[in-house]
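A.B. asks: Once you've had a glance at the structure underneath, I'll fire off some questions.
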Amino acid sequence: MEKLIELSQTEIKLAFVASCIEGTAGALGKSYHEIFERMKRVGMIRNYIWSNYEMLHTESRENVTKDMIECLTNWEAGQ
């Protein structure tokens, strides 16, 4: 019988954060590392993606990516 691995809520949220970064990087034609650094610089990972996981993870990949791009652009402009 196949043994299933159970992920903690933290691991699930971390995977979601990573998928947000990857989706944004792909849509913008940028590297994962560059988008991670940009999001980290403006506090978007902790203060937007992580804290709004419950709402964001119910959206489609396309909508989340569009939202990430808009949020990153707005947060960077507000610095």
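A.B. asks: Given a Förster distance of 30 Å, report the FRET efficiency between ALA77 and ALA15 from their Cβ-Cβ distance, rounded to the nearest 0.05.
C.D. replies: For ALA77 and ALA15, the calculated efficiency is 0.55.
A.B. asks: Pull out a ≥ b ≥ c, the square roots of the eigenvalues of the alpha-carbon gyration tensor of region 2-46, then state rounded if a/c is under 1.5, prolate if not and a/b is larger than b/c, and oblate in the remaining case.
C.D. replies: In terms of gyration-tensor shape, oblate.
A.B. asks: What list of ³J(HN,Hα) values in whole Hz, one per residue of region 62-71 in order, does the Karplus curve 6.51 cos²θ - 1.76 cosθ + 1.60 (θ = phi - 60°) give from phi, with Gly and Pro shown as x?
C.D. replies: Calculated HN-Hα couplings, in order: 4, 5, 5, 4, 4, 5, 4, 5, 4, 5 Hz.
A.B. asks: On the accessible surface of the chain, probed at 1.4 Å, how many percent belong to carbon and sulfur atoms?
C.D. replies: So the carbon and sulfur contribution to the accessible surface is 53 percent.
A.B. asks: Kindly report the accessible area of the chain per residue (heavy atoms of protein chains, probe 1.4 Å, no ligands, DNA or RNA), in Å².
C.D. replies: About 71 Å² of surface per residue is accessible.
A.B. asks: Just need the Rg to Rh number for the chain, please, alpha carbons only, Kirkwood Rh.
C.D. replies: When Rh is taken as the Kirkwood radius, the ratio is 1.03.
A.B. asks: Modelling each spin label as a point 7 Å along the Cα-to-Cβ direction, I'd like the ILE69/SER8 distance in nm, to one decimal.
C.D. replies: Roughly 3.5 nm, to one decimal.
The values are calculated or read from the model by the stated rules, or taken from the named source; none is laboratory data. Quantities reported herein were computed from a predicted structural model and do not represent experimental measurements. Note that we place each Cβ from the backbone using ideal geometry, even for glycine, and neighbour counts take in every protein chain shown. Side chains are part of the model used for accessible areas, which takes the heavy atoms of the whole protein and leaves out ligands, DNA and RNA. Shrake-Rupley method; radii C 1.70, N 1.55, O 1.52, S 1.80 Å.
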